Amino acid sequence: MDCRLDEIEFLARSAHRTGVLEALLEGPRDRNDLRAATGASSPTMGRILGDFEDRRWIVRDGPTYELTPLGEYVAERFGTLCDAMETERTLRDVWRWLPREMEGFSVDLFDDAVVSYPGPNYPYEPVQRVRELIEETTAMCGFGTTVFKSINNETVCSSVIDGMDYEYIYSPAVLEATVAWKPKRVAEATACDNCTILLHDALPDEDRCGLGIFDDRIGICCHDPETGLLEAVIDTDSREAREWALSVFEHHRADARPVSHEEKASLFPPELLS
């Protein structure tokens with residue numbers, strides 16, 4: 001184990017070494033090309049190339065160097081590790097609100113995600129991010145508490161009335177709170193043919209996050225289970241993430257139900273149902 005860590009440390013402690021590997025992954029390079037790509041001095045480059053030759057990671061052909069199959073293996077695997085650590089750093093502060101019950105969820109689905117936090121200078125950044133995602137899409141589906149903020153409720157209602165296709169699965173409690181926000185406005189939006197509201201009594205991770213699927217991106221809204229506060233929004237345009245999100249949505253849509261007449265009567269004032 002120590003030998004493996006020694007080799008990882010050998011690369012990790014030198015941006016010049018990793019830069020040489022990255023450059024050579026693109027194809028053979030001479031020493032001047034490698035120096036230009038990495039910013040390493042001539043003596044430093046000489047030491048790096050000597051170390052790599054000793055490890056059988058590169059071979060020299062005249063003035064050029066290229067990776068051996070072993071060197072290519074090392075470069076690719078080390079790059080994968082670096083990418084994984086970059087994703088980990090992006091999601092480190094929101095891991096506790098990530099899905100646990102949504103089948104198929106994997107951190108690597110969000111390796112290029114945008115994470116919006118409430119910052120000290122602008123605490124409403126996550127709310128604003130959800131608003132932007134809604135305003136920029138022509139269709140939206142999802143479930144949970146993704147849109148449950150007054151400003152996002154208004155954005156959804158306005159967008160639906162303007163023609164956005166909307167299919168959303170609410171828990172009974174969240175739908176009740178949404179209607180209570182502005183019954184007349186919600187009734188106006190839900191009366192549109194392009195709006196489909198469904199109910200589900202046991203949505204996955206309903207106390208921690210919601211799922212929103214837009215034209216070009218999918219997003220997870222992270223909520224503190226104890227306070228209900230919006231802690232972060234994570235969104236990505238990854239094709240794999242979109243396929244996962246759609247499969248999760250379809251699975252729970254199959255178990256969802258339309259809002260019954262009795263439920264509508266308990267939610268809306270009578271004058272809004274005529």
Exercise for the section: State whether the residues of segment 5-20 include one that is outside any helix (DSSP H, G or I), touching a residue at least 12 places away in the same chain (Cβ under 8 Å) and under 30 Å from residue 205 (Cα atoms). Expected result: no
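Give me the residue from segment 39-54 that is loosely packed, with under 14 Cβ neighbours inside 10 Å and in a loop (DSSP other than H, G, I, E, B) and, out of that set, nearest to the chain's Cα centre (by Cα). Please lay out each step first, then the result.
In the first step, residues of segment 39-54 are kept if they are loosely packed, with under 14 Cβ neighbours inside 10 Å; the result is 39, 41-43, 46, 50, 54.
Imposing the further condition that a residue be in a loop (DSSP other than H, G, I, E, B) reduces the set to 39, 41.
Details: 39: 33, 41: 39 Å.
Among those that are loosely packed, with under 14 Cβ neighbours inside 10 Å and in a loop (DSSP other than H, G, I, E, B), it is 39.
Which residue is modelled with the lowest pLDDT, if the candidates are limited to segment 92-126 and must be small (Gly, Ala, Ser) and surrounded by fewer than 18 Cβ atoms within 10 Å (Cβ to Cβ)? Working first, answer last.
In the first step, residues of segment 92-126 are kept if they are small (Gly, Ala, Ser); the result is 104, 106, 113, 116, 119.
So of that shortlist, the ones also surrounded by fewer than 18 Cβ atoms within 10 Å (Cβ to Cβ) come out as 104, 106, 119.
On the way: 104: 94, 106: 91, 119: 72.
Applying the filter and picking the extreme gives 119.
Scan segment 77-115 for residues that are part of a helix (DSSP H, G or I) and among the hydroxyl-bearing types (Ser, Thr, Tyr) and jot them down. Step through it out loud before you land on a result.
The initial filter retains those residues of segment 77-115 that are part of a helix (DSSP H, G or I), namely 77-97, 107-110.
The answer is 80, 87, 90.
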Practice task
Go through (1) over 23 Å from residue 9 (Cβ atoms); (2) open to solvent by 20 Å² or more (accessible area, probe 1.4 Å) and name the single condition residue 70 misses.
Solution key: (1)
Completion exercise
Considering segment 55-76, residues that are touching a helix residue (DSSP H, G or I) at 6+ places or on another chain (Cβ under 9 Å) and assigned to a helix (DSSP H, G or I), and then whichever is nearest to residue 4 (Cα to Cα), we arrive at 74
Exercise for the section: Please name all residue pairs, on different chains or six or more residues apart, with Cβ atoms under 9 Å, provided the first residue is in segment 92-121 and is over 25 Å from residue 250 (Cβ atoms) and the second residue is open to solvent by 50 Å² or more (accessible area, probe 1.4 Å) and aromatic (Phe, Trp, Tyr). Expected result: 93/117; 94/117; 118/124
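On the given criteria, is residue 156 among the β-branched types (Val, Ile, Thr), in a helix (DSSP H, G or I), touching a residue at least 12 places away in the same chain (Cβ under 8 Å) and in contact with a helix residue (DSSP H, G or I) (Cβ under 7 Å, 6 or more places away or on another chain)? Spell out how you get there, then give the answer.
On the way: among the β-branched types (Val, Ile, Thr): yes; in a helix (DSSP H, G or I): yes; touching a residue at least 12 places away in the same chain (Cβ under 8 Å): yes; in contact with a helix residue (DSSP H, G or I) (Cβ under 7 Å, 6 or more places away or on another chain): yes.
Yes.
Can you find a residue in segment 200-218 that is outside any loop (DSSP other than H, G, I, E, B) and surrounded by fewer than 20 Cβ atoms within 10 Å (Cβ to Cβ)? So that I can check it myself, show each step before the final result.
At the first step, the residues of segment 200-218 found to be outside any loop (DSSP other than H, G, I, E, B) are 209-213, 218.
Within this subset, residues satisfying the condition of being surrounded by fewer than 20 Cβ atoms within 10 Å (Cβ to Cβ) are none.
Checked against the condition, which is being outside any loop (DSSP other than H, G, I, E, B) and surrounded by fewer than 20 Cβ atoms within 10 Å (Cβ to Cβ), segment 200-218 yields no hits at all.
The values are calculated or read from the model by the stated rules, or taken from the named source; none is laboratory data. Note that the structure is predicted; figures quoted are calculated from it, not measured. As a convention, Cβ positions derive from the backbone with ideal geometry for all residues, glycine included, and neighbour counts pool all protein chains shown. Ligands, DNA and RNA are excluded from the accessible area calculation, which covers all protein heavy atoms including side chains. Shrake-Rupley method; radii C 1.70, N 1.55, O 1.52, S 1.80 Å.
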